[in-house]
Amino acid sequence: MNAPAKLGKFVITRELGRGATGTVYLCHDSFLGKDVAIKLYNINGDAPEKEARTRRKLFFNEAYLVGKMSHPNILPIYDAGEDGDHCYVVMEYVRGAQPLTLFCRSDNLLPVRKVVEVIFKCAKALDYAHRKGLVHRDIKPGNILMTADGDVRIVDFGVAQMAGNEEGQLKGLVGSPSYMAPEQMRQQPSTVQTDLYSLGVVMYELLTGKRPFYGDNMSRLVHQIIYATPPPVHRLRPDVPTVLEDIVHKVLEKDPARRYKTGLELATDLTRAVRTLDKLSEEMAEQERFNILRRLHFFQDFTYPEIYEVLHASRWQSYGAGEHIVVEGEMDDCYIIIVFGDAEVRRGDRPVGMLYEGDCFGEAPYLEPGRSTASIVAATTVSVLRVSSTLIDQVSLQCQLRFHKVFLKTLIERLTRGEQQGDMKQKAETPAGE
């Protein structure tokens, strides 16, 4: 179908995409002075009467249903109209938005936590639609947009089903086969659980880069969806934790009664999963930091439990080149150990030494009133361990004694090294014969 140059007051700029029910164009609203997206339905006078009636029903279905909804993760419809043989709906244009299909490839998968965020927002949006009596019936990656700032929008309610609006509903097999629930394949009524199943298929695909069910023809695909069990998620992506795999398993249950009852229930489980992911992330970060510390010369005489004690009494911080790690004259109750990078020690504007990996700084906790006698400025990107003097006094006595012994020894070695470098510099600057 050739697009007109103009639809009512809207000037068509270019095509954005095509679907089964119509084509979406970028248009300019000359009255408001902004861009909008217009979906032009495939309705023309040459189509058979029954097909034209069906397409017109799709148009009024989407315009009526979505026009009543207002949710941040559902693409809003601003207007709808007819221009000759053309039926169209006017929608928000989200600049830079991309369909989730781009993130369903094994070479372009989103981080696990981002997948959880996307599905969480979709579950909340569907819960909103379901409470209004609306079942989408065609949830798939192509109908979920990700905006440039990482937010999501559910689009295309063209085959949606509204409770109590039998006249505006399409019967039979509707939707995209790969994302259909078993009951859709049996041409049974679609429910809330039908949408949640389809969202589960999207989640599976975003996590693994594969669809849970494949068939080289429609008959085999139907058989897979109704009877087969999909490959476990962890087999395709080992870093997916069990808590998420359990959610995928539940949402893809063959029996609708065994799935989540509402989108809110699914969102609640995803929230719990995020907490688990955060905990796992913290544990992994702690393990990685432990591995780094035990390789430092500073900790070579510490037992593994003692390293963990020091780690739990500390904060791990990073600084960019030129940033102050310690400011001269300020109160400071921390012992500082350089984990990565180089830093410069300054008194006033005068550099007096350098700190390298494994070096330490922090005489302030030993002094009254506990003020730093020099500044430390990152010379490169630097990571440091800030050990609280208060918390280190609460670890085991053996760990305390070892820490203070090693800290003071390392501090003295560093000061001695600084003095030797200063003497060498002074000799180099002294004219011969003096």
Identify, please: which residue in segment 92-147 is farther than 26 Å from Arg237 by Cβ and among the small types (Gly, Ala, Ser) and is, among those, modelled with the highest pLDDT? Ala129
Which one of Tyr308, Tyr304 is more than 30 Å from Lys124 (Cβ to Cβ) and either touching a Phe, Trp or Tyr at 6+ places or on another chain (Cβ under 7 Å) or hydrophobic (A, V, I, L, M, F, W, C) (or both)? Tyr308
Within segment 215-260, track down each residue that is exposed (fewer than 13 other Cβ atoms within 10 Å of the Cβ) and hydroxyl-bearing (Ser, Thr, Tyr). Ser219, Tyr227, Thr229, Thr242
Quick check on segment 261-270. Is at least one of its residues at pLDDT 95 or above and either outside any helix (DSSP H, G or I) or not assigned by TED's automatic domain parsing to the domain that holds Leu102 (or both)? yes
Evaluate segment 252-260: report whether one residue or more is assigned to a helix (DSSP H, G or I) and among the aromatic types (Phe, Trp, Tyr). no
Just one of Ala148, Ala125 is touching a residue at least 12 places away in the same chain (Cβ under 8 Å), buried (at least 23 other Cβ atoms within 10 Å of the Cβ) and at negative phi; which is it? Ala125
Can we say Lys210 is assigned by TED's automatic domain parsing to the domain that holds Ile139, of a type outside the set (Phe, Trp, Tyr) and either crowded, with 21+ Cβ neighbours inside 10 Å or assigned to a loop (DSSP other than H, G, I, E, B) (or both)? yes
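Table: residues versus (1) part of a helix (DSSP H, G or I); (2) farther than 17 Å from Ala374 by Cβ.
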position	(1), (2)
Tyr308	yes, yes
Leu311	yes, yes
Trp316	no, yes
Gly322	no, no
Ile325	no, no
Ile337	no, no
Glu344	no, no
Gly353	no, no
Every pair of residues 6+ apart whose Cβ atoms lie under 6 Å, when the first sits in segment 84-111 and is under 28 Å from Val11 (Cα atoms) while the second is surrounded by fewer than 20 Cβ atoms within 10 Å (Cβ to Cβ) and among the polar types (S, T, N, Q): Asp85/Asn44; Val94/Thr147; Ala97/Thr147
Can you tell which of Arg137, Arg131, Arg153 is assigned by TED's automatic domain parsing to the domain that holds Leu206, in contact with a strand residue (DSSP E or B) (Cβ under 6 Å, 6 or more places away or on another chain) and more than 26 Å from Ser30 (Cα to Cα)? Arg137
Take the residues in segment 1-43 that are at pLDDT below 80, surrounded by 14 or more Cβ atoms within 10 Å (Cβ to Cβ) and in contact with a Lys or Arg (Cβ under 9 Å, 6 or more places away or on another chain), then tell me which one is nearest to Arg153 (Cα to Cα). Gly19
Number of positions in segment 282-302 that are out of contact with any Gly (no Cβ under 6 Å at 6 or more places or on another chain), in a loop (DSSP other than H, G, I, E, B) and surrounded by 14 or more Cβ atoms within 10 Å (Cβ to Cβ): 1
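The values are calculated or read from the model by the stated rules, or taken from the named source; none is laboratory data. This is a predicted model, so every value here is computed, not measured. Glycine gets a Cβ as well: all are built from the backbone with ideal geometry, and neighbour counts include every protein chain shown.
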